[in-house]
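What follows is one structure encoded as structure tokens, with my remarks underneath.
Bear in mind that the values in this text are calculations on the coordinates, not laboratory data. If you're wondering where the values come from, they're calculated on a predicted model, not measured in any experiment. Here the Cβ is made from the backbone with ideal geometry for all residues, glycine too, and neighbour counts use every protein chain on show.
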Number of protein chains: 2
Amino acid sequence: MLFSTKAEYGVRLMVELGRQPSAAPISLSAVAEAERLPLSYLEHLVARLRKAGLVTSTRGAHGGYRLAKPAEEITLDVVVEALEGQIAPMECFHETPEGKVLCSHESDGDHACATKLLWTRVQGGVTKALAGTTLAELVEFAGGPAGGPAETEPRAPVGSAA
Amino acid sequence: MLFSTKAEYGVRLMVELGRQPSAAPISLSAVAEAERLPLSYLEHLVARLRKAGLVTSTRGAHGGYRLAKPAEEITLDVVVEALEGQIAPMECFHETPEGKVLCSHESDGDHACATKLLWTRVQGGVTKALAGTTLAELVEFAGGPAGGPAETEPRAPVGSAA
DNA sequence: GGCATAACCGACCGCTCTTGTAGGATTTAG
DNA sequence: CTAAATCCTACAAGAGCGGTCGGTTATGCC
């Protein structure tokens with residue numbers, strides 16, 4: 001499995017927030033019930049999203065969470081990275097701030113790291129898929145803003161990223 | 001981390017086999033020494049590769065392993081899948097023999113699975129990167145057939161799979 | 001026939017990460 | 001004041017990872 005349920009649950013949480021038409025915050029328990037996910041676990045996940053600046057929270061009664069930005073401006077690479085930690089195909093892979101890819105086995109002996117070419121391509125494929133998807137797309141795909149499933153038939157062709 | 005060291009070690013093992021110019025088998029201990037990897041662990045990995053029909057073995061003295069096919073005909077999606085198990089971005093994702101993607105949350109209630117679009121794209125990105133890379137490319141990248149690193153400068157442009 | 005080599009096989013083990021649960025502290029609307 | 005919510009920390013069962021170990025079988029060579 002490439003990703004754990006942290007990404008799955010967290011993304012669903014974000015989609016649920018994006019489905020809200022008004023700017024009123026939604027409580028976690030509402031999300032938990034809508035998606036049938038354990039509330040206490042969602043608390044951990046939403047904490048990561050908050051620390052990454054993706055959602056804002058208001059405490060106290062009638063409090064809850066909101067998207068920190070419009071869904072159109074949120075790309076999924078940021079979301080998944082906030083939930084799962086830095087996305088690298090392999091332990092030895094580290095991305096520098098400038099976007100360069102390093103491998104710890106780089107110059108450990110006689111010949112260049114044989115696998116670097118492969119993992120670089122995989123990394124590129126995943127990053128491209130994640131960064132090329134916005135939260136707004138997923139909200140749309142899930143049936144648009146809340147109020148019931150207005151349209152059950154898919155609008156965007158599935159797998160159009162291929 | 002997307003993949004564990006099983007994929008890393010296993011691919012390096014395959015590259016090492018691919019570097020051998022002659023058809024003579026190489027012992028695992030030779031590979032272990034060349035790549036500085038634990039021999040006993042490699043045994044487990046090579047067992048998976050053998051069961052997947054990627055390498056052949058000859059037992060007894062002067063025995064060892066060989067590629068079951070020329071490196072040009074071995075794509076990395078098969079190798080990685082043999083090592084890591086089926087490649088799916090998420091637990092609920094299952095690929096049918098016909099290549100269709102299923103999600104266990106598909107019709108569990110009111111609206112379509114919100115994350116399916118995302119994971120489908122990720123799946124596509126990874127599969128494309130892996131299936132579009134042959135073992136021969138990695139062997140070439142690692143410095144070609146054994147006998148020393150004939151060329152240190154990279155020949156193929158890194159990231160050309162984008 | 002012995003012996004060294006090397007593939008094969010399964011059991012075991014410490015560790016970390018995952019997937020939560022539990023309990024409490026704090027903030028806020030009504 | 002109270003209920004509703006976020007927030008925070010600690011704990012825990014389970015699984016997978018990375019690796020070790022001991023033993024069995026098969027084979028080439030002297």
query = For the stretch A:22-136, what does the alpha-carbon gyration tensor say about shape, rounded, prolate or oblate, given a ≥ b ≥ c as the root eigenvalues, a/c under 1.5 as rounded, and a/b over b/c as prolate?
reply = prolate
Two-site label geometry, B:Ala30 and A:Arg59: point separation in nm, points 7 Å out along Cα→Cβ = 6.7 nm
request  = Go through B:Lys51/B:Lys128; B:Lys6/B:Lys69; A:Lys51/B:Lys128; A:Lys69/B:Lys6 and tell me which ones have a Cα-Cα distance over 29 Å in this structure.
outcome  = A:Lys51/B:Lys128; A:Lys69/B:Lys6
ask   = Which trypsin sites (Lys or Arg not before Pro) does the stretch B:27-129 hold that lie in a coil by DSSP with at most 16 other beta carbons within 10 Å?
value = B:Arg36, B:Arg59, B:Lys100
inquiry  = Could you tell me how far the Cα centroid of the stretch B:2-77 sits from the Cα centroid of the stretch A:26-102, in Å?
reply    = 40 Å
Computed E for B:Glu72/B:His94 - FRET, C-beta separation, R0 25 angstrom, nearest 0.05 = 0.20
For B:Leu83, net neighbour charge (Lys/Arg +1, Asp/Glu -1) across residues whose Cβ lies under 13 Å away = +1
request  = Please report which chain B residue places its beta carbon nearest the axis carrying chain B onto chain A, with the distance rounded to a whole angstrom.
outcome  = B:Gly125, 2
